[in-house]
Amino acid sequence: MSRQIMEDKGTGGLRVLDQSLRLLKQTIEPGMVELFKRTTLVYLMVWIDEFQTEQHSARRLRAVSRLKSALEGIRQVGAPLEVILNSSEHLSFTWASMKFLLQTSSALADAFDELLDIYEILGDRLLVVPKINNQDISDPNNTMILDYLYGDILDFHQIALKYFQKPMWKQLFHATWETYRSHLNKVIDNVKIHADLMKVVPQELPSQSISIDNGEEHRPALDVTDNHRYFSLKCWLNPVNLRDEQEYLSDIRRPFPGTGRWLLDHPTFRAWFDPMCQLKPPLLWLNGIPGAGKTVLASLIIEEAQRLPSSPTVLYFYCRQGDKARDNFVSIGKTLLSQLLEADKEMLLPYFFDKFSSSAEAVLHSLSTVEELLGVAICNRPSVYVILDGLDGCPRVERAVIAGWFRKLVDAQISRHEDRIRCLFVSRDDGIGRKDFSGISSLKLRAEDTSKDIGDFSIRWATDIQHKFGLSNEKSQLLANAIQRSSGGMFLYASLICNILFHQVSRGGLDLELHAAQLPKGLAEVYSGIIAGIFKHAPKDQQDDSRQLFSWIVCAKRALKWHEIQGARSINLETESIDAHRQFQVSVKDLCGSLVEVRPDMTVELCHVSVREYLISERIVDLQQAELEMASLSINYLSFSGFFAKSLFGIENMVLSGYYAFMDYAAVYWVRHLETCLTIVQPESQEKLKGLANDLGRFLDLHHSREATGLVVSASVSRRLQRLEDDMDPHKYRHLQQAVASTRKSLTFSGQLKPAEIAIDTFDVVERVRSALEHLALSATPNDSALGHLQAIYGTALFKCHRPSCVFFGVGFKTKEQREVHETKHTRPFLCTVASCALSFLGFSSVKDLESHRQKFHPVEDEFPDANEVEEYSSRTMSPDDSSARTRGDDTESNMQTRKSSLDVSYDGVDLDSSRRKRARTVHVCEHCQKEFARKFSYTSHMLTHQKPPSMEMWNCEYCERTFARKSDKTRHELGHLSSERFACFGCGKTFARKDTLANHHRSKKGGRCLERIGETKDSTVGHGEIKSTDEMGNQARSVASW
């Protein structure tokens, strides 16, 4: 691999160094680049000597000798790279940067001293890097780490150059240097991490940590920068992207700049909104009828709050009925946490990351954690506006939780005589809302409030209609007035009516609609008119397409994206094939009119929740039939032959043809559609389920993988599936129960399922297809048309999480690196938060392992003695009489008083006397070796080792002649014979079968000399033998770190 890197000089074989050098060049003034290229170490040393002489003559001699460690360290790291690259350009730019920085900073004594100080720290970090000889260069891991190390050196100088090239840096130095020094310190921390890796990393690093084989340009996971932490937190929080929605709503208002201004001037709203809030408590419930434009008004309030001179933190959320990611407190809380993190990264990033590091969840779902983080983060801000829209779209229980939590938060600040937090709740006016928001100020939207806004809206549309159809000014004004008068205060009504009129195909049709008697009354009549318009002039095939699209949107378990809809449309169940010619050739608007909207992320949704109710109530969508058809479509689609292809070439060809565009949805939601069918299909329609039973039988024949002996089928699953029992073979029916239970557990269980709990292979099939898709995506260049083709069919986030229970199993990531960072949280969720720790990038699989690591490598020294230590000290200083009395248990009043006064001490408010009331610790001492044990069981077990045969039974090793007094010792010893893994002492080269034996060796006198030898040597401490897993790498790193 190193040969390939050396040959790749021109193509960026050392990618980190190349990227850092490119950024450094961009920082330098163009006219100085050539000068930087010609600078050498000799030239720099001559300049330093001349500079020192000049300073001496001016009696301003500085301790330039502090540069020695930096010069030697940079040369030591850069020299091997000079051999690899056959170029010294990276060194030239470093020496030139040092000269420029020293020369420039010498104009200010404090700046020069600070620069020397930080160079000295950098040098000390670099000098611990083992020297690399020509043989070590051939190791690709050494080359890789040198790449990162010198990238850090170049990053250091790029940051420093940016600062000292500023024209006013001297005037700003004392006010700004600490900020920039913190940036430089972070780079130096990275240097230490990478330097430690040169000593710790075994011969083969795991690909998920560092990789250069696949040409991916990224820093390793161990480089725990703020950006890395920020991305990890974003994955953990998984916030709803509301920026696009806010932009979408702003675009709606943009043509009508006066919309909602009446609200901003309303006394009740002003009392809540004004920075000098006079509303007590600062809570407001904005309510109105459906379609009144509450969400658009909420978007206006958000923008106005963001423009306030006081620059408050504005938190907002748009709830959505039926969307599990947008109808509950946890989802709201996670999105608000993400917004808070954006507003206060410096303070909240370490706090959030600390919680993230100790959480076992790859995606946050814990209600208590969300409440804790949200409470602290909101209260940490000087001023916060919270706007929550669409609360009536949340389930009843969630509505109560949301309202109760925020009311409690605001009530708590009122008790502290503060008014920093204020909340606005937006929902329809119903009984639930009146109960949840009782006792707080309320502002109800009335028809007269929105009349002027609807009038302006109608005039704008009437003008467009006038221009299209050639209406007179009088008719245009009559049209605007008619729309305003009929709207009843509903913006939704006015918008839909205007769309109907504008899209009339003839002047005659428009005149008919404009007749006063023909204007619809209420939303239901508007919906009816739109549906009539869709079907009136459309051919029979297009009418069927419209009904099908409506039914898919209505019954979908999550919002479908347009590429998924086109993928579903391509499925031909009769021929069991995918036919792209079946896809819709017209737009969504052509098929469903203004009842459907396409969001910026290409999600297709109904324009209002009331549309779904109308479509079902008017039987335009038969919900039973729609669920049945979607279940059948998903189950039959997953039974197509393309899902059982074994050839990578064959799968890739089908990927390119769009064969698997509907796969992600079908694999996850076939179960939910099946269960919904069995729940809502009426008994008189039982005949419809027979066909579904046949489809399931074939599906199970193809996908059932094994008897799930470790899986318990719940009573609820059995009860729902019971309707299919008579129509299926008993053997297949049992397989169906297991398949449903197994799939449900895969989608809800956060861990890995055991083999005995997996009944079908659908998710294995999905992973096989995704591997081919990812291979194609990684093979394409960013601007390749092939990549654009894949993204058009499968979306832009092609790299999905492998855990079906994870939200990112369906959402995905745009790059493989992002996915790998996220998946580490699944396997090793608990992170060491010490930034300088060489193992902080690995993580630990359990809290116990993390605590063990912390105690071993980052122990916290107790500043004060605990109660036991104080008691031990006092017992040593007691008089013999006191001691004997205590032994006898003779607690006379004087003795009690003496003992109380001797412990009447507290530290930081902790009363040690109360602490010692705890039960005294019993210690069991071995009479043979004086070893102490806290538990009697351990003491009794230990005593067996001192007994000799024939007084006791001995256990003989099956592989050697050793005998043991305890069976557990014999078993542990035999594992050493069976395991091929060896643990080597890097001091003497001796190997051991067990880690604890190696640890005992290091505690011995000879082992102590080994540790001293290791500390003195500057050779690489990379271990021998192939490391096969991240766990093994962690074990090696722990051993070396302990030395």
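The values are calculated or read from the model by the stated rules, or taken from the named source; none is laboratory data. Because the structure is a prediction, the values reported are computed rather than measured. Reconstructed Cβ throughout: ideal geometry from the backbone, glycine too, with neighbour counts over all protein chains shown. Protein only, heavy atoms only, side chains kept; ligands, DNA and RNA dropped before computing areas. Shrake-Rupley method; radii C 1.70, N 1.55, O 1.52, S 1.80 Å.
So F317 passes all but one of these: (1) buried (at least 18 other Cβ atoms within 10 Å of the Cβ); (2) farther than 20 Å from L409 by Cα. Which condition number does it fail?
(2)
Which residue is surrounded by the fewest Cβ atoms within 10 Å (Cβ to Cβ), if the candidates are limited to region 781-790 and must be of a type in the set (G, A, S) and over 26 Å from the mean Cα position of the chain (by Cα)?
The qualifying residue surrounded by the fewest Cβ atoms within 10 Å (Cβ to Cβ) is S785.
Within 23 Å of Q103 (Cα to Cα) and modelled with pLDDT of 90 or more: is that true of F51 in this structure?
no
F352 fails exactly one of the following numbered conditions: (1) open to solvent by 60 Å² or more (accessible area, probe 1.4 Å); (2) assigned to a helix (DSSP H, G or I); (3) touching a residue at least 40 places away in the same chain (Cβ under 8 Å). What is the number of that condition?
The number of the failed condition is (1).
Quick grid of which residues meet (1) at pLDDT 90 or above; (2) surrounded by 20 or more Cβ atoms within 10 Å (Cβ to Cβ); (3) within 42 Å of the chain's Cα centre (by Cα); (4) not aromatic (F, W, Y):
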{"position": "R3", "(1), (2), (3), (4)": "no, no, yes, yes"}
{"position": "E29", "(1), (2), (3), (4)": "no, no, yes, yes"}
{"position": "R66", "(1), (2), (3), (4)": "no, no, no, yes"}
{"position": "G78", "(1), (2), (3), (4)": "no, yes, yes, yes"}
{"position": "V83", "(1), (2), (3), (4)": "no, no, yes, yes"}
{"position": "S97", "(1), (2), (3), (4)": "yes, yes, yes, yes"}
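Would you call L127 of a type outside the set (K, R), open to solvent by 50 Å² or more (accessible area, probe 1.4 Å) and closer than 14 Å to M198 by Cα?
Spelling it out, L127 is indeed of a type outside the set (K, R), open to solvent by 50 Å² or more (accessible area, probe 1.4 Å) and closer than 14 Å to M198 by Cα.
Is it the case that some residue within region 400-412 is farther than 25 Å from D274 by Cβ and part of a loop (DSSP other than H, G, I, E, B)?
no
Mind listing whichever residues of region 753-770 are over 14 Å from Y659 (Cβ atoms), at pLDDT 90 or above and open to solvent by 70 Å² or more (accessible area, probe 1.4 Å)?
D764
Taking only pairs six or more apart or across chains, which ones have beta-carbon atoms under 9 Å, a first residue in region 715-729 that is over 19 Å from R672 (Cβ atoms) and open to solvent by 60 Å² or more (accessible area, probe 1.4 Å), and a second residue that is assigned to a helix (DSSP H, G or I) and at pLDDT 90 or above?
Close Cβ pairs (under 9 Å, with a partner that is assigned to a helix (DSSP H, G or I) and at pLDDT 90 or above) amount to E725/Y733; D726/A693; D729/G697.
Just give me the residues in region 656-684 being open to solvent by 20 Å² or more (accessible area, probe 1.4 Å), over 38 Å from the mean Cα position of the chain (by Cα) and touching a residue at least 40 places away in the same chain (Cβ under 8 Å), in sequence order.
Passing the criteria: only Q682.
Can you name the number of the only condition in (1) crowded, with 18+ Cβ neighbours inside 10 Å; (2) out of contact with any His (no Cβ under 8 Å at 6 or more places or on another chain); (3) more than 24 Å from Q791 (Cβ to Cβ) that I553 fails?
(3)
With the condition kept exactly as written, say whether any residue in region 808-825 is acidic (D, E) and closer than 30 Å to R125 by Cα.
Scanning region 808-825 turns up at least one residue that is acidic (D, E) and closer than 30 Å to R125 by Cα.
For region 544-599, how many residues meet the condition of being closer than 20 Å to Y660 by Cβ and of a type in the set (D, E, K, R)?
9
Of all residues being basic (K, R) and crowded, with 18+ Cβ neighbours inside 10 Å in region 382-419, which is farthest from P281 (Cα to Cα)? Just the residue, please.
So the first thing to find is which residues in region 382-419 are basic (K, R), and the list is 396, 399, 407-408, 416.
So of that shortlist, the ones also crowded, with 18+ Cβ neighbours inside 10 Å come out as 399, 407.
On the way: R399: 19, R407: 9 Å.
Once the filter is applied, the top-ranked residue is R399.
Scan region 772-792 for residues that are touching a Leu at 6+ places or on another chain (Cβ under 8 Å) and modelled with pLDDT of 90 or more and report the count.
9
Going through region 610-627 one residue at a time, which ones are under 10 Å from V554 (Cα atoms) and in a helix (DSSP H, G or I)?
Across region 610-627, the qualifying residues are V611, R612, E613, L615, I616, L623, A626, E627.
Can you tell me which residue in region 691-714 is least open to solvent (accessible area, probe 1.4 Å), limited to those that are acidic (D, E) and assigned to a helix (DSSP H, G or I)?
Checked region 691-714; the qualifying residue least open to solvent (accessible area, probe 1.4 Å) is D695.
Confirm whether D590 is modelled with pLDDT under 90, among the charged types (D, E, K, R), in a helix (DSSP H, G or I) and surrounded by fewer than 18 Cβ atoms within 10 Å (Cβ to Cβ).
Yes: the conditions hold for D590.
State the number of residues belonging to region 239-288 that are under 28 Å from Q413 (Cβ atoms), open to solvent by 50 Å² or more (accessible area, probe 1.4 Å) and among the hydroxyl-bearing types (S, T, Y).
Looking only at that region, the number is 0.
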